[in-house]
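Enquirer: Okay, here's the structure, questions in a sec.
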Amino acid sequence: MHTIGNGAFPREAKIDHEMLVGDLRVPIKKGTLVCTQTYTTHYKDSIFKNQNSFDPSRFLNQEGNLVYPEPFTFMSFSAGTRSCVGRQLAMTEMKTFLAILVNDYDVNVTEKKDKKIAFTSFAITLENVDFCISPVSK
C-alpha cells in the first residue's frame, strides 16, 4: 500500500460543518482549510490490515470476487470530481503492459523446488507463489 506522494489535498470548507472523528465531534468552520492525507489513510489499520505486505487478496471477498474498498479509503488516484486527470492514461498503460506480457511471454506458476532461472527468463516470488516468465518462442 505504497502511496505515490504525501497526497495532501487541501480544500476550503464552504459551510460550517461538524465531522465525526472516532467518538469525537470536530467543528469545522466555513473558510477552514481541510486536508486529506492519503498516506495516513492507506496506513490506517482499521481500513487496511498488514499495510506493508503485498496482499491483492485484501480486495477479494470469500468467493474470490473483486470487492471495491469503501469510497475515499484507497485513493491511488484520489476520488470524486477532482481525481487525477492522468488516471485513464495510467490505467491504459497498465492494461497495455499486461496485454504485451501475456502475448509475448509464457507466465507459469512453479513449485519452489522446481524453480530454475535461465538467462532468458526470470522469476517473481509473491508470498509462497513463484511465477516463471519466459519469452514465447515464435
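Enquirer: Filtering segment 4-52 down to residues that are assigned to a loop (DSSP other than H, G, I, E, B) and of a type in the set (Ser, Thr, Tyr), which residue is farthest from the chain's Cα centre (by Cα)?
Expert: Here the residue is Thr32.
Enquirer: With Asp55, Asp130, Asp106, Asp114 as the choices, which residue is surrounded by fewer than 11 Cβ atoms within 10 Å (Cβ to Cβ) and either at pLDDT below 75 or of a type outside the set (S, T, N, Q) (or both)?
Expert: Values: Asp55 fails: surrounded by fewer than 11 Cβ atoms within 10 Å (Cβ to Cβ); Asp130 fails: surrounded by fewer than 11 Cβ atoms within 10 Å (Cβ to Cβ); Asp106 fails: surrounded by fewer than 11 Cβ atoms within 10 Å (Cβ to Cβ).
Going through Asp55, Asp130, Asp106, Asp114 in turn, just one is surrounded by fewer than 11 Cβ atoms within 10 Å (Cβ to Cβ) and either at pLDDT below 75 or of a type outside the set (S, T, N, Q) (or both): Asp114.
Enquirer: Determine whether Ile100 is aliphatic (A, V, I, L, M), modelled with pLDDT under 80 and in the same structural domain as Ser137 (by TED's automatic domain parsing).
Expert: Against the criterion (aliphatic (A, V, I, L, M), modelled with pLDDT under 80 and in the same structural domain as Ser137 (by TED's automatic domain parsing)), Ile100 does not qualify.
Enquirer: Still on this structure: Only one of (1) surrounded by 10 or more Cβ atoms within 10 Å (Cβ to Cβ); (2) modelled with pLDDT of 80 or more is not met by Phe72, so which one is it?
Expert: Phe72 satisfies every listed condition except (2).
Enquirer: While we're looking at this one, here's another question. Return the residues of segment 53-85 that are part of a loop (DSSP other than H, G, I, E, B) and closer than 24 Å to Gly22 by Cα; say none if nothing qualifies.
Expert: Tyr68, Pro69, Glu70, Pro71, Phe72, Thr73, Phe74, Met75, Ala79
The values are calculated or read from the model by the stated rules, or taken from the named source; none is laboratory data. Predicted model, so just to flag it, every value in this text is computed and none were measured. When we count neighbours, we look across all protein chains shown, and the Cβ atoms used for this are built from the backbone with ideal geometry, even at glycine.
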